[in-house]
Amino acid sequence: MGSVRALPPHGIVTDPSWERERTALLGRKISGLGLTVRGSRVERLVEALYAELAAHGIAFHPPVYLSDQWGCPDGTPIIAVPFYLVDPKLERIEAEMSAGIEDDVEAMRYLRHECGHAINYAFCLYERPEWRSTFGPFSRPYRERYRADPFSREYVRHILGWYAQKHPDEDFAETFAVWLTPNRDWRSEYAGWPALTKLEYVDRVMQEIGSRTPAAPAPAEDDLPVEAMHYTLAEHYAESDESVPIQDPRQFDRDLRGIFVAAADAPQGEPAKWFIHRHYREIVSRIAYWTGESPSIVRSLLDHLAGRSEELDLRVGSLEASTLIELTAFGTAVVMNYRHTRTLGRTAGARRGVGAE
């Protein structure tokens with residue numbers, strides 16, 4: 001495994017006592033932290049999910065276990081929830097290491113999505129001819145990097161950027177999540193859209209299977225329950241610390257000169273590096289959200305841009321808001337192009353879901 005950054009990302013200031021506690025936690029094995037859903041924020045969220053299922057007449061409540069990310073093991077009707085959500089200190093570290101932490105609203109979106117996968121697997125809906133004619137063949141190759149059509153009305157919109165277009169299984173999970181969401185008038189929201197046919201299919205099928213309660217197994221070792229995470233918290237973050245492959249540090253110098261200005265032209269302007277650090281988390285979270293790329297990829301790009309801005313002695317001009325918009329738009333374009341010019345295979349038995357990338 002690679003190395004993990006010893007200090008929080010740029011723009012985050014912490015006190016010495018937290019740094020000591022943080023360092024100690026990073027050195028501990030996740031399996032030895034004694035993490036449990038019981039009595040945690042996750043337990044409350046899961047209870048809310050089960051209440052939503054009951055309100056829709058669905059008796060099957062998929063079991064939830066702690067793992068490294070959101071997901072649902074292929075073919076297994078159980079839901080994986082990130083381990084850090086059960087401990088405030090781990091949430092703080094996650095927020096420092098990534099683009100932030102899921103609030104309750106976002107976490108419920110993810111739970112509903114993963115629940116859609118679990119329902120699909122529990123009742124083998126994907127084997128039904130009508131399911132295949134509505135969503136497509138379940139056997140279609142599953143690709144982590146996919147090209148979406150933002151103008152399509154064939155799919156619902158629930159989480160991330162056009163995530164339903166990734167695979168028929170994701171299409172169903174997203175459609176189910178929209179259908180399950182309380183107080184969401186999906187008939188009016190998707191009136192005139194082909195996606196409405198998918199929502200109506202889910203509505204019919206849930207009425208059919210609602211009273212059934214199929215069995216659900218406990219997570220296997222390959223499903224990576226928290227008890228099987230026999231590595232340190234630092235190693236967990238190092239493992240996911242991808243970076244963009246910048247072979248020549250001058251690669252984006254011309255772009256940076258177009259976004260910022262030379263120090264000679266704005267001697268009183270804020271150094272571009274400080275500006276990037278000040279908006280660091282905001283930029284990372286927005287680019288990661290809209291591109292569907294991992295925060296570590298976005299961070300690596302932003303770290304490079306900050307470093308080069310310092311080397312070039314660039315400053316912020318008079319229009320700070322437009323500079324932030326242009327920097328975010330540029331970063332999004334770079335990440336999207338990077339995302340679509342590389343391929344990444346998928347191994348059998350992996351988890352599907354919003355965090356399984």
Review point. Counting pairs of alpha carbon atoms under 8 Å apart in space and at least six apart in sequence, what relative contact order in percent does region 16-231 give?
Key: 28 percent
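Can you tell me what share of the DSSP beta bridges in the chain is antiparallel? A percent to the nearest 5 is fine. Mind showing how you got there, number by number?
Details: 7 of 11 bridges.
If I count the DSSP bridges inside the chain, around 65 percent turn out antiparallel.
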Review point. Tell me, what is the FRET efficiency for residue 251 and residue 144 to the nearest 0.05, using R0 = 25 angstrom and their Cβ-Cβ distance as r?
Key: 0.50
**Study point:** Centre separation in Å (Cα based) which lies between region 302-339 and region 68-96
**Key:** 31 Å
Review point. Per the Kirkwood treatment, what hydrodynamic radius in Å, one decimal, follows for region 242-340 from the mean inverse distance over all distinct Cα pairs?
Key: 13.4 Å
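Pulled fully out, how much extra length does the chain show between residue 181 and residue 51, if you take 0.36 nm times their separation in residues and subtract their Cα-Cα distance?
On the way: separation 130, 0.36 × 130 = 46.80 nm, distance 1.12 nm.
Full extension of this stretch gives 45.7 nm more.
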Exercise for review: Can you tell me the relative contact order of region 149-199? Whole percent, Cα pairs under 8 Å, sequence separation 6 or more.
Suggested key: 35 percent
Practice item. Provide the gained length on full extension for the span residue 19 to residue 263, in nm with one decimal, where the gain is 0.36 nm per separating residue minus the Cα-Cα distance. Key: 84.4 nm
Check your understanding: Given labels modelled 7 Å from the Cα in the Cβ direction, how far is it in nm from residue 204 to residue 322?
Key -> 5.4 nm
Check your understanding: When all alpha-carbon pairs of region 183-267 are counted, what percent fall beyond 15 Å?
Key -> 81 percent
Check your understanding: Where a Cα-Cα gap under 16 Å defines reach, which lysines qualify for residue 166, not counting those fewer than 8 residues away within the same chain?
Key -> 198
Exercise for review: Write out the trypsin sites (Lys or Arg not before Pro) in region 23-63 meeting two conditions: DSSP loop, and at most 16 other Cβ atoms within 10 Å of their Cβ.
Suggested key: 28, 38
Check your understanding: Given 4 °C and 1.567 mPa s, how large is the Stokes-Einstein diffusion coefficient of region 16-231 in µm²/s, with Rh as the Kirkwood radius over Cα pairs?
Key -> 70 µm²/s
Check your understanding: Given 0.36 nm per residue, what is the gain on full extension from residue 218 to residue 337 after removing their alpha carbon distance, in nm?
Key -> 38.9 nm
Point to revise | Inter-label distance for residue 230 and residue 133, nm, one decimal - labels placed 7 Å from Cα along Cα-to-Cβ | key: 5.1 nm
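Any read-out appearing in this document is the output of simple, stated calculations on the displayed coordinates, not a laboratory observation. Source: prediction; values computed, not measured. Here Cβ is always computed from backbone atoms with ideal geometry, including for glycine, and neighbour counts include all displayed protein chains.
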